[in-house]
1. Of all residues being away from every other protein chain (no Cβ under 12 Å) and surrounded by fewer than 15 Cβ atoms within 10 Å (Cβ to Cβ) in the range A:125-139, which is nearest to A:Leu54 (Cα to Cα)? Just the residue, please.
2. Looking only at the range A:28-48, count every residue that is near DNA strand C (Cβ under 7 Å from one of its atoms) and either more than 23 Å from the chain's Cα centre (by Cα) or surrounded by fewer than 19 Cβ atoms within 10 Å (Cβ to Cβ) (or both) and tell me the total.
3. Just a yes or no: is a residue in the range A:53-72 crowded, with 17+ Cβ neighbours inside 10 Å, more than 13 Å from the chain's Cα centre (by Cα) and in the same structural domain as A:Gly144 (by TED's automatic domain parsing)?
4. Which of the residues belonging to the range A:123-155 are of a type in the set (A, V, I, L, M, F, W, C) and in contact with a Phe, Trp or Tyr (Cβ under 7 Å, 6 or more places away or on another chain)?
5. Checking A:Asp63 against (1) under 20 Å from B:Leu157 (Cα atoms); (2) touching a Lys or Arg at 6+ places or on another chain (Cβ under 8 Å), which test does it fail?
6. Could you grab me the full set of residues in the range A:49-74 that are away from DNA strand C (no atom under 16 Å from the Cβ) and over 28 Å from A:Arg187 (Cα atoms)?
7. Against the condition in contact (Cβ under 8 Å) with a residue 12 or more places away in the chain, surrounded by fewer than 20 Cβ atoms within 10 Å (Cβ to Cβ) and part of a helix (DSSP H, G or I), how does A:Lys100 come out, does it pass?
8. Kindly indicate the residue of the range B:10-29 that is among the hydrophobic types (A, V, I, L, M, F, W, C) and outside any helix (DSSP H, G or I) and also farthest from DNA strand D (Cβ to nearest atom) among those meeting that condition.
There are 2 protein chains.
Amino acid sequence: MPEASSPTRKRIVDAATKLFYAEGIGRVSVDAIAEKAGLTKRTLYYHFKSKDDLIAAYLDARDQPNLKQMAGWFDAAEGGADRKVEAIFTNLARVARHPKWKGCGFLRTAAELASMPGHPAVKAGSRHKTNFEKWLAAELSARGVTAPHMLAREIVLLMDGAFSSMLIHHNPDYIGAAGHAAATLVRARSQNKD
Amino acid sequence: MPEASSPTRKRIVDAATKLFYAEGIGRVSVDAIAEKAGLTKRTLYYHFKSKDDLIAAYLDARDQPNLKQMAGWFDAAEGGADRKVEAIFTNLARVARHPKWKGCGFLRTAAELASMPGHPAVKAGSRHKTNFEKWLAAELSARGVTAPHMLAREIVLLMDGAFSSMLIHHNPDYIGAAGHAAATLVRARSQNKD
DNA sequence: TTGAGTATACCGACTAGTGAATATACAAGC
DNA sequence: GCTTGTATATTCACTAGTCGGTATACTCAA
């Protein structure tokens with residue numbers, strides 16, 4: 001029984017992360033991941049019982065770093081909640097311009113595994129999106145916005161729409177429009193609008 | 001050189017449509033499509049020069065039927081533009097409850113082909129989404145809504161977000177929330193709000 | 001007789017996953 | 001201080017099957 005904190009396991013997940021995000025789940029072979037991690041496929045299968053397990057581990061490992069990234073952008077922005085929310089989209093549009101950007105790994109994996117709704121990786125993606133929505137609702141609530149949960153959900157919808165539109169059009173304007181709409185929604189529910 | 005209007009070609013595209021939508025691009029083999037269409041792989045390759053070409057043909061064939069579906073829901077709904085827009089989401093939430101529903105084929109294909117940005121199928125998806133946005137802007141404009149193009153884009157973002165959220169959470173509430181937000185945005189830009 | 005359309009049979013490359021052997025480390029018995 | 005036992009961790013070689021795509025030959029209608 002391999003250890004969950006094994007450094008070898010981490011090396012495998014790191015290699016899988018790079019390849020899965022860059023190429024997509026279905027286009028990456030277990031052999032390619034093993035080679036990238038600098039070990040044999042048999043060792044990989046010692047640490048993970050299947051490719052599906054490894055896909056789920058890849059997304060689980062992305063949950064906290066991704067949330068921290070969003071929270072960092074939110075915290076660093078000056079101004080009210082509207083400006084802080086819009087800052088997330090502005091930063092998103094910036095990184096989405098990089099040629100290595102390939103959309104949201106959680107959404108892309110869910111799209112690729114649409115025919116397997118109970119797949120552990122889809123569940124990991126659902127957990128992550130829920131974590132983000134809850135974090136955002138708490139931040140909005142702390143700033144006295146009315147109906148913070150409904151607002152957080154609307155912002156999440158705009159953000160996932162922005163991810164999708166950017167992926168299909170390759171045009172960051174869609175992310176900008178989503179950020180603008182999100183900021184407007186926040187302002188409509190804020191006090192002290194002087 | 002095969003005919004573009006060949007009934008054999010149509011049979012192939014129909015078979016590909018069912019399989020690609022149900023299983024995803026990468027999980028469907030050319031052999032499986034040929035078998036479903038009731039002919040051999042060699043015949044398929046007589047009509048399409050590659051699998052990539054067939055993927056693009058699949059999405060191109062979905063453009064008009066999809067637009068007609070949306071327009072049908074919009075036209076059939078009673079009330080103002082806000083109610084008509086919300087009706088699209090309500091109908092979407094209804095069909096999304098069906099176990100055969102597997103998200104938006106255009107978005108799922110773009111997600112699966114994220115590592116090939118210039119792929120003809122991604123371009124076909126981009127064209128379709130643009131067609132929908134333009135149609136919606138025209139309908140909104142005809143009803144005297146202010147800033148119809150910006151509004152149409154925001155509604156498109158909410159809709160693509162709804163597709164994505166439904167795919168990852170399997171919870172139609174997200175589509176309902178998107179429809180509610182879209183209707184609110186329309187009302188905020190409508191005259192005669194009595 | 002020509003050529004569009006279809007069928008059989010095949011190619012080399014790649015796929016996820018496994019069997020059997022082995023290297024390494026550390027503990028217990030003497 | 002040795003030796004043996006055991007669990008963890010790793011490798012090589014392999015299976016059985018699938019992949020997209022093609023070479024060749026056939027049918028049938030104009």
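The values are calculated or read from the model by the stated rules, or taken from the named source; none is laboratory data. Note that this is a predicted model, so its numbers are computed, not measured. Ideal geometry is used to build each Cβ from the backbone, glycine not excepted, and the neighbour counts take in all protein chains shown.
1. A:Asn131
2. Residues in the range A:28-48 being near DNA strand C (Cβ under 7 Å from one of its atoms) and either more than 23 Å from the chain's Cα centre (by Cα) or surrounded by fewer than 19 Cβ atoms within 10 Å (Cβ to Cβ) (or both): 7 in total.
3. no
4. none
5. Here A:Asp63 clears every test but (1).
6. Once the filter is applied, which keeps residues that are away from DNA strand C (no atom under 16 Å from the Cβ) and over 28 Å from A:Arg187 (Cα atoms), the range A:49-74 yields A:Leu59, A:Asp60, A:Ala61, A:Arg62, A:Asp63, A:Gln64, A:Pro65.
7. no
8. B:Ile25
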